[in-house]
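Novice: Please see the structure below; I have some questions.
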Amino acid sequence: MKAYGIAIHGGAGTVSRAKMTKWKAEAYKETLKRAYSMAYQTLHKGGSSIDAVIEAIVILEDSYLFNAGKGSVYTHLGTHEMDAAVMEGKKLKAGAVASVGYVKNPIKLAHTVMTKTKHVLISGEQATEFAKDHNLEIESKEYFYDEFRYKQWQKALMNDKVQLDHDEDGQKFGTVGAVALDKKGNLASGTSTGGMVNKKYGRIGDTPLIGIGTYANNDSCAISCTGHGEFFIRAAVAYDISARMMYNKQSLQEASNEVIHKELPALGGRGGLIGIDKHGHIVMPFNTKGMYRGLKSSKNEEFVGIFE
Ligand code: ASP
């Protein structure tokens, strides 16, 4: 039988063990587990990797716990500007959105860009209009309000800091992503985020950039990244891993370890990623104290964790 499986992440950063109460850790783990379990069922029933990826990400976007969809962080101007991307590895089709407001599930919007337009990446108010035209759910500003996020933003504003959501105090955690391999051997990847706390000037991170925060290619791997986006952009992370596998014959593990533990730190970049290759090998390297993550595969592997 051909292997299949799903891996997900909910952001990487300085997670404080001391501030992570048992109850809180359980809430995060329960949501991660629900997301990968639903997606795994889809794969088990013969569903596609892209459907599984979207299914997992929608569950995480709908949770206030993660910095994506409902739980998105505040920008400098007090708005929510979300980025998301999906890619499938068979024909290298991709769709992405940047700086969109009010859309309940940016990952569905990214998928609609992939399936219903000739474009790959669309942005801003016109992207929200496009979502309305395609009957995707639009939410009010109140839907995206969260007391913790609001206070986090106020503090960042006072200190004039642009920060990774996850670095605040470990109470709320980050960007979400999923990678999957289905029974037909097709790989897919997706990532969704509210970006960095207090971001300015319409800043866009690595998440919606194909080949950077999100990438899938049936000949190599599917990758979804999380961390300080500017460094991931400069290191062209996701495509670099795929290229190392194709041209350098590195394994997914070797390639992703070199990028996360050597290339990125050399630039000063912090974060992590999840990856799966065409054989169903899953990797989850990170160079931060923790990364919310989970996986389930047909090889009887199941895992959910936060710290190393
Ligand atoms: N990579 C995201 C960004 O820079 C942030 C994150 O992963 O939390 O927008």
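Novice: Restricting attention to the range 216-238, which residues are touching a strand residue (DSSP E or B) at 6+ places or on another chain (Cβ under 6 Å) and more than 14 Å from the ligand (Cβ to nearest atom)?
Specialist: 216, 218, 221, 222
Novice: Further question: Which residue is nearest to residue 202 (Cα to Cα), if the candidates are limited to the range 36-73 and must be over 13 Å from the mean Cα position of the chain (by Cα) and open to solvent by less than 10 Å² (accessible area, probe 1.4 Å)?
Specialist: 73
Conditions (1) touching an Asp or Glu at 6+ places or on another chain (Cβ under 9 Å); (2) acidic (Asp, Glu); (3) assigned to a strand (DSSP E or B), marked per residue:
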| position | (1), (2), (3) |
| --- | --- |
| 24 | no, no, no |
| 38 | yes, no, no |
| 52 | yes, no, no |
| 58 | no, no, no |
| 118 | no, no, no |
| 125 | no, yes, no |
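Novice: Here's something else I'd like to know. Scanning for something open to solvent by 50 Å² or more (accessible area, probe 1.4 Å), assigned to a helix (DSSP H, G or I) and among the hydroxyl-bearing types (Ser, Thr, Tyr), does the range 103-116 turn up at least one residue?
Specialist: yes
Novice: Only one residue in 42, 112 is free of Cβ contacts under 8 Å to residues at least 24 places away in the same chain and more than 16 Å from the ligand (Cβ to nearest atom), so which one is that?
Specialist: Exactly one of 42, 112 is free of Cβ contacts under 8 Å to residues at least 24 places away in the same chain and more than 16 Å from the ligand (Cβ to nearest atom), namely 42.
Novice: How many residues does the range 70-81 hold that are within 13 Å of the ligand (Cβ to nearest atom) and touching an Asp or Glu at 6+ places or on another chain (Cβ under 7 Å)?
Specialist: Final tally of qualifying residues: 3.
Novice: For the range 158-213, which residues satisfy the criterion of being at pLDDT below 95, more than 24 Å from residue 102 (Cα to Cα) and open to solvent by less than 30 Å² (accessible area, probe 1.4 Å)?
Specialist: 169, 170
Novice: Would you confirm, using the coordinates I've provided, whether residue 92 is under 20 Å from residue 210 (Cα atoms) and open to solvent by 30 Å² or more (accessible area, probe 1.4 Å)?
Specialist: Yes: the conditions hold for residue 92.
Novice: Looking at (1) farther than 30 Å from residue 148 by Cα; (2) touching a helix residue (DSSP H, G or I) at 6+ places or on another chain (Cβ under 9 Å); (3) modelled with pLDDT under 95, which one does residue 75 not meet, given that it meets all the others?
Specialist: (1)
Novice: Then there is this: Restricting the range 229-241 to residues that are in contact with an Asp or Glu (Cβ under 9 Å, 6 or more places away or on another chain) and surrounded by fewer than 24 Cβ atoms within 10 Å (Cβ to Cβ), which is nearest to residue 288 (Cα to Cα)?
Specialist: Here the residue is 231.
Novice: Of everything in the range 136-156, what is under 16 Å from residue 62 (Cα atoms), part of a helix (DSSP H, G or I), open to solvent by less than 50 Å² (accessible area, probe 1.4 Å) and not aromatic (Phe, Trp, Tyr)? Give them in sequence order.
Specialist: 149
Novice: I need a count of the residues in the range 225-279 that are among the polar types (S, T, N, Q), more than 15 Å from residue 193 (Cβ to Cβ) and either assigned to a strand (DSSP E or B) or in contact (Cβ under 8 Å) with a residue 40 or more places away in the chain (or both).
Specialist: Adding up the residues that qualify gives 0.
Novice: Another one. Of the numbered conditions (1) small (Gly, Ala, Ser); (2) in contact with a Leu (Cβ under 7 Å, 6 or more places away or on another chain); (3) assigned to a helix (DSSP H, G or I), residue 96 fails exactly one; give the number of that condition.
Specialist: For residue 96, the exception is condition (3).
Novice: Name the residues in the range 74-104 that are of a type in the set (Lys, Arg) and either under 18 Å from residue 131 (Cβ atoms) or under 18 Å from the mean Cα position of the chain (by Cα) (or both), would you?
Specialist: Scanning the range 74-104 gives 93, 104.
The values are calculated or read from the model by the stated rules, or taken from the named source; none is laboratory data. Bear in mind the structure is a predicted one, so any value in this text is a computation, not a measurement. All Cβ positions, glycine included, derive from the backbone under ideal geometry; neighbour counts span all protein chains shown. Note: areas computed on protein heavy atoms with side chains; ligands, DNA, RNA excluded. Shrake-Rupley method; radii C 1.70, N 1.55, O 1.52, S 1.80 Å.
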